[in-house]
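Report on one structure; see the data block that follows.
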Amino acid sequence: MPKIVIAIDGYSSCGKSTTAKQVAARMGYAYIDTGAMYRAVSLYFLQNHVALTNPKAVQDALQLVHISFNFNPKTGRNETCLNGLNIEEEIRKMYISNIVSEVSAIPDVRYAMVAQQQKLGRRRGVVMDGRDIGTKVFPDAELKIFMTADPTIRAQRRQIELLQRGEMVGLDTILENLLKRDYIDSHRSEGPLRKAEDAIELDTSYITLDEQIEWVVQLADEKI
Ligand code: C5P
């Protein structure tokens, strides 16, 4: 059976990664969380005091960033590693969310990440979620989904997710962060967040996760 690329783009905290992960599991595909890659770069830049406005410093630092996804049999999940260290928990924290959009707007950062993402999906059989997958990384993806949801509902979902990870953050703070990220992500020069012309839009505000997954799997089946 031929394998396809499924690109899931959209605003922050619409349920893209949870859906993508489950769809990949159902189809026996690899799941690539491209947001985790930008979060990993942000963590490296913070830890190493890389000046975001210094192109040479950014380019030099990018040479030293090695991101991998390693399967953890204990959690049954693929976890993000930076230079061999598991950073899965760390990159989900609010202090990373607060800088990730600035880091990911730097063109050199995007060129490096997009090249890696294209390599990861070159054999197809992947579900990739992000902001520019259907427009930039895999403009030839067989199935493109663009997810949206009511901002307050997104903030509530994100708050629950953070709480489950042990971080208590107010709803207003989360909402502000989501809207700020959406704005920066949509207005950057390189790979801005926008719906690909051939993407199918899905508003996840009032549907369950199971419904989202089912809907994407059905669309994927039609494409195979
Ligand atoms: O998906 P997640 O919310 O973890 O992504 C974190 C941030 O990474 C986004 O707000 C965006 O700034 C950046 N990102 C991006 N392009 C992608 C995926 C994520 O710019 N393909």
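General remarks:
- The chain: most fluctuating residue of LEU85, LEU46, LEU143 per GNM, C-alpha cutoff 10 Å: LEU85
- Temperature 25 °C, viscosity 0.890 mPa s: under these conditions the Stokes-Einstein estimate for the stretch 110-219, based on its Kirkwood radius over C-alpha pairs, is 156 µm² per second.
- In the elastic network of the chain, a GNM with C-alpha springs shorter than 10 Å, the most mobile of TYR95, TYR38, TYR11 is TYR95.
- Rg/Rh ratio calculated on Cα atoms of the stretch 1-86 (Kirkwood radius): 1.04
- Reach of LYS180 by Cα under 28 Å, taken over lysines that are not fewer than 8 positions away in the same chain: LYS16, LYS21, LYS56, LYS93, LYS136, LYS144, LYS195
- Of every Cα-Cα pair in the chain, the percent that sits beyond 30 Å: 19
- Fluctuation leader among LYS180, LYS136, LYS74 - the chain, Gaussian network, Cα springs under 10 angstrom: LYS74
Throughout, read-outs are computed from the coordinates displayed, never taken from laboratory work. Note that this is a predicted model, so its numbers are computed, not measured.
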